[in-house]
Amino acid sequence: MLRRGTVAIETHVPGRGPVRLETLHDGDVLGWSWLVPPYRTSFDARALRTTRVVSVDGACLRARCETDPALGYALLRLLAAVWVSRLEDARLRLLDMYGKGPHG
Amino acid sequence: MADVPIPFRVADRRAETHDTWTLRLEPAGGDALPAFAPGQFAMLYAFGAGEAPISVAGTAGATLTHTVRSVGAVTRALCAAAPGDVVGVRGPFGTAWPLAALAGRDVVLVAGGLGLPPLRPVLEAILADRDRYGLVSLLYGARTPADLVYAADLESWRTDGAVTVAVTVDAPDETWAGSVGVVTRLVERAAFDAGNTVALICGPEVMMRFTAAALRDRGVAPDAIWVSLERGMTCGTGHCGHCQLGRLFVCKDGPVVRHDTVEALLRVAEL
């Protein structure tokens with residue numbers, strides 16, 4: 001969880017170097033690979049300025065969720081809202097809505 | 001309102017992007033047009049090519065400023081007009097942004113792509129009388145950094161500090177150090193008192209739909225969200241029907257409308 005700062009989600013593309021896909025800001029959630037097997041990160045994260053985060057031990061939190069379903073459900077509801085928002089953003093960008101339309 | 005094009009001379013032409021130009025037009029003869037209000041549009045006539053509806057991006061006396069993207073034969077001819085060339089102008093057409101309703105309120109201006117030019121005169125009006133308004137934010141999204149218009153103005157507005165300026169792009173290049181993502185994400189981070197906010201949105205229709213939803217999620221009242229529509233305006237007087245959207249003729253009932261009055265219409269695929 002980003003308390004304050006800016007983080008870029010990037011991936012390395014041969015011939016292009018790091019390509020910036022998205023920036024995250026105060027209050028945003030960064031990373032969920034800790035929750036879904038095989039627990040492997042897919043993208044890079046780069047702090048673009050001094051950034052303060054709250055970091056959580058993924059394995060520990062998974063174990064807590066297993067033993068406390070109420071906690072797990074509450075956590076998943078919060079994360080699902082983030083996933084839906086990110087998926088919606090990705091779909092909007094796929095639309096290329098600033099193309100050659102009237103107000104593009 | 002002129003039924004026939006009035007000749008205006010191109011006084012200045014400035015490149016905004018690789019395909020977008022800002023033209024400053026001055027009356028070429030004795031005829032003048034009524035004053036344009038922010039949000040209204042003109043029919044610009046490139047002689048020999050045709051007419052296109054272009055929002056007013058600024059006024060100074062009888063001088064008009066328009067920002068035009070080259071997307072077809074008419075706009076290509078307009079963008080190619082050099083200082084000294086004459087174009088025809090009809091207008092003003094359509095409804096204006098509700099400037100009076102902004103007084104005493106927080107104001108959120110959300111522009112997507114070439115939606116910034118129609119909002120520019122609103123921002124200029126706010127800056128000219130800044131104390132009349134609460135917090136003011138300009139949220140601007142574009143496809144790439146190279147597609148951002150009014151780069152110098154954005155920098156000036158940002159450094160001036162009278163309004164908060166946030167810019168994001170969908171696809172950054174290696175020089176871009178700003179935000180990356182859709183413009184709706186800027187709404188989540190903007191500072192405003194939702195219960196006392198008026199939002200004006202201009203951009204592609206799908207962008208306006210999602211932005212209005214984001215504003216409502218933040219608590220902005222449905223009747224405080226305004227959009228500027230773009231629907232094939234041709235005659236400018238509501239007679240030809242090319243811009244019809246349900247019960248509305250966008251050229252005269254719009255382009256500026258309250259979002260909640262058209263939200264259902266914008267969801268009808270056949271319109």
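Just so you know, all these numbers are worked out from the coordinates, no wet-lab data involved. Quantities reported herein were computed from a predicted structural model and do not represent experimental measurements. So basically every Cβ, Gly included, is an ideal-geometry build from the backbone, and we count neighbours across all protein chains shown.
Measuring nothing but alpha carbons in segment B:51-183 and taking Rh as the Kirkwood radius, the Rg to Rh ratio lands at 0.98.
Taking every Cα-Cα distance in the protein assembly as shown and sorting them into 20 Å bins from zero, the calculated P(r) comes out as 27, 53, 18, 2, 0 percent. Note on B:ASP19 and B:ASP223: their simple-model spin labels are 4.1 nm apart, each label 7 Å out from Cα toward Cβ.
For B:VAL4 and B:GLU174, FRET efficiency with R0 = 41 Å and r from the beta-carbon atoms, rounded to 0.05? Once rounded, the FRET efficiency stands at 0.25. Each residue of segment B:66-81 is assigned a 3J(HN,Hα), and the resulting list reads 10, 10, 10, 9, 7, 10, x, 4, 5, 5, 5, 5, 5, 5, 8, 5 Hz, derived from the Karplus form 6.51 cos²θ - 1.76 cosθ + 1.60 (θ = phi - 60°), x at Gly and Pro. Against chain A, whose longest principal axis comes from its Cα atoms, helix A:58-67 is set at around 50 degrees.
For segment A:2-98, the spread of Cα positions along the three principal axes, ordered from largest to smallest, is 45, 30, 27 Å.
Amide H to amide H distances under 5 Å link A:ALA45 with A:GLU10, where only residues 5 or more positions off or on other chains count and H is placed in the peptide plane.
Amide H contacts of A:VAL19 (H built 1.01 Å from N, in plane; Pro and chain starts excluded): A:THR11, A:HIS12, A:VAL13 sit under 5 Å, all sequence-distant by 5 or more or on other chains. For segment B:139-147, putting each phi into the Karplus relation 6.51 cos²θ - 1.76 cosθ + 1.60 with θ = phi - 60° gives couplings of 10, 9, x, 9, 5, 9, x, 6, 9 Hz, in residue order, rounded to whole numbers and with x for Gly and Pro.
About its Cα centre, the dipole of segment B:99-266 is roughly 400 debye, where the only charges are +1 on Lys and Arg Cβ and -1 on Asp and Glu Cβ. A Cβ-based charge dipole, computed about the Cα centre of the protein assembly as shown with Lys and Arg at +1 and Asp and Glu at -1, lands at about 500 debye. Taking only alpha carbon atoms, segment B:6-93 gives an Rg to Rh ratio of 0.92, where Rh is the Kirkwood radius.
Here the 3J(HN,Hα) profile of segment B:51-62, calculated from phi with Karplus coefficients 6.51, -1.76 and 1.60 at θ = phi - 60°, is 10, 9, x, 10, 5, 7, 9, x, 9, 8, x, 8 Hz, Gly and Pro shown as x.
Relative to the dominant Cα principal axis of chain B, helix B:205-217 is inclined by about 30°. In the protein assembly as shown, what % of DSSP beta bridges are antiparallel (nearest 5)? Percentage antiparallel, nearest 5: 65. Spacing of the modelled spin labels on A:GLU66 and B:ALA269, each 7 Å from Cα toward Cβ, amounts to 4.6 nm. Quick one: Debye curve from the alpha-carbon atoms of chain B only, equal weights, vacuum; give me log10 I(q)/I(0) at q = 0.07, 0.12 Å⁻¹ to two decimals. Log-scaled intensity ratios, in q order: -0.23, -0.71. Calculated mean residue ellipticity at 222 nm for the protein assembly as shown: -8000 deg cm²/dmol, from DSSP H runs with n ≥ 4 weighted as -39500 (n - 2.57), summed, divided by the residue count and rounded to 500.
In plain terms, the chain from A:ALA80 to A:LEU95 could stretch by 3.1 nm, reckoned as 0.36 nm per residue minus the Cα-Cα distance. Taking amide H as placed 1.01 Å from N in the peptide plane, the amide H of B:ILE225 sits under 5 Å from that of B:ALA199, B:HIS259, B:ASP260, each at least 5 places away or on another chain.
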